[in-house]
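The values are calculated or read from the model by the stated rules, or taken from the named source; none is laboratory data. This one's a predicted model, so the numbers in the text were calculated from it and none came from an experiment. So basically every Cβ, Gly included, is an ideal-geometry build from the backbone, and we count neighbours across all protein chains shown.
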Amino acid sequence: MELNDKITVVTGAGSGIGKASAIAFANEGARHVVVADLNGDHAQAVADQIGDRAQAVALDVADAAAVEALCDQIEADVGPIDLFFSNAGYGQRGGLNISTEDWQRMMDVHFTAHLHVAKILVPRMVGRGGGYLFSTASAAGLLTQMDSGPYAVSKAAAVAFAEWLSINYGEQGIKVSVLAPQAVRTHIIGDDLSAWDKHADSGQASQDGILEPEDVAAVVVQTIRDENFLCLPHPQVKTYIQRKAGDVDRWITGMQRFKKKLDDAE
């Protein structure tokens, strides 16, 4: 799909990958770019940077009623949504030591938010002949994230849901893609990685380099153009997926050794 003259929505667009993607969509000629973010001021700053074709919205993607209200407003005032990029996300380290509520909140943002969008837009898109749902997961959703149990699990759910959508609605004109990068310089990891991956030189997420959001956005645009399902800004992830599929027990053993190496470095 070409983005020229399309109506697009990007969540988590106040910074990072979302911001870079919203700007990239505008640069590709999108007719309207909805810049949605939990922080309305950040969303407005990005919309101001884009110009008249952008609209800022403060949005909690875990709030189903708010997501539906946004979709209704855009489709009533602007036109049918062609592409919804569900990109909002955050990082939190921990596993069994953090509350079940923390686990659930991450599931709400990283998986259930995508479900809200699909329940609203898929029937409408099918009815008008097609549309595009793009979601941000992570390489953690394909391979795991040792530093955060809820991040790994919620991102795996996002990947599985995208697969399910594509299989069940692809023949009805619904295009589905899922973004699965490793480390990207966003608020999730911080400029020095201290907020997400303690070992900048040897941490899991940063093994294959830290990409800039603009580089990831360029890959997102190309993925939309090519209508590929899996968007891998770090191409090494494809090799890791193949190794995991080829021998899961060996892969887990290797990850256990890798974790011990990181633990010993602390």
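When the residues of the stretch 117-139 are narrowed to those that are of a type in the set (Val, Ile, Thr) and surrounded by fewer than 22 Cβ atoms within 10 Å (Cβ to Cβ), which ends up farthest from ASP72 (Cα to Cα)? So, considering only residues that are of a type in the set (Val, Ile, Thr) and surrounded by fewer than 22 Cβ atoms within 10 Å (Cβ to Cβ), the one farthest from ASP72 (Cα to Cα) is VAL126. The condition of being under 30 Å from ASP82 (Cβ atoms), part of a helix (DSSP H, G or I) and touching a Phe, Trp or Tyr at 6+ places or on another chain (Cβ under 8 Å) holds for only one of VAL221, VAL237, that being VAL221.
Residues that are out of contact with any strand residue (DSSP E or B) (no Cβ under 6 Å at 6 or more places or on another chain) and of a type in the set (D, E, K, R) were ranked within the stretch 140-192; the one that is surrounded by the fewest Cβ atoms within 10 Å (Cβ to Cβ) is GLU171.
For the condition closer than 16 Å to GLU227 by Cα and either touching a residue at least 12 places away in the same chain (Cβ under 8 Å) or of a type outside the set (Gly, Ala, Ser) (or both), what is the one hit in SER166, SER154?
Working: SER154 fails: closer than 16 Å to GLU227 by Cα.
Matching residue, one of SER166, SER154: SER166.
In the set (1) free of Cβ contacts under 8 Å to residues at least 40 places away in the same chain; (2) within 13 Å of the chain's Cα centre (by Cα); (3) more than 26 Å from ARG257 (Cα to Cα), the condition left unmet by PHE134 is number (1).
Filtering the stretch 39-80 to residues that are part of a loop (DSSP other than H, G, I, E, B) and either among the polar types (S, T, N, Q) or within 18 Å of the chain's Cα centre (by Cα) (or both) leaves ASN39, LEU59, ASP60, VAL61, ALA62, ASP63.
For the stretch 103-177, which helices (runs of 4 or more DSSP H) that fit wholly inside it have 2 or more residues that are closer than 22 Å to ASP60 by Cβ?
Details: elements: 113-127, 140-143, 149-169.
Output list reads 113-127, 149-169.
Of ALA24, ALA64, ALA56, ALA20, all but one fail to be closer than 19 Å to ALA217 by Cβ and free of Cβ contacts under 8 Å to residues at least 60 places away in the same chain; the exception is ALA56.
Assess whether VAL34 counts as being in a loop (DSSP other than H, G, I, E, B) and under 20 Å from VAL109 (Cα atoms).
no
Apart from one condition, GLN92 fits all of (1) of a type outside the set (Phe, Trp, Tyr); (2) in contact with a strand residue (DSSP E or B) (Cβ under 9 Å, 6 or more places away or on another chain); (3) outside any helix (DSSP H, G or I); (4) under 26 Å from THR223 (Cα atoms); the exception is (4).
Does TYR240 satisfy the condition of being of a type in the set (Ser, Thr, Tyr), over 22 Å from MET107 (Cβ atoms), modelled with pLDDT of 90 or more and touching a helix residue (DSSP H, G or I) at 6+ places or on another chain (Cβ under 8 Å)?
Numbers: of a type in the set (Ser, Thr, Tyr): yes; over 22 Å from MET107 (Cβ atoms): yes; modelled with pLDDT of 90 or more: yes; touching a helix residue (DSSP H, G or I) at 6+ places or on another chain (Cβ under 8 Å): yes.
For TYR240, the condition - of a type in the set (Ser, Thr, Tyr), over 22 Å from MET107 (Cβ atoms), modelled with pLDDT of 90 or more and touching a helix residue (DSSP H, G or I) at 6+ places or on another chain (Cβ under 8 Å) - is met.
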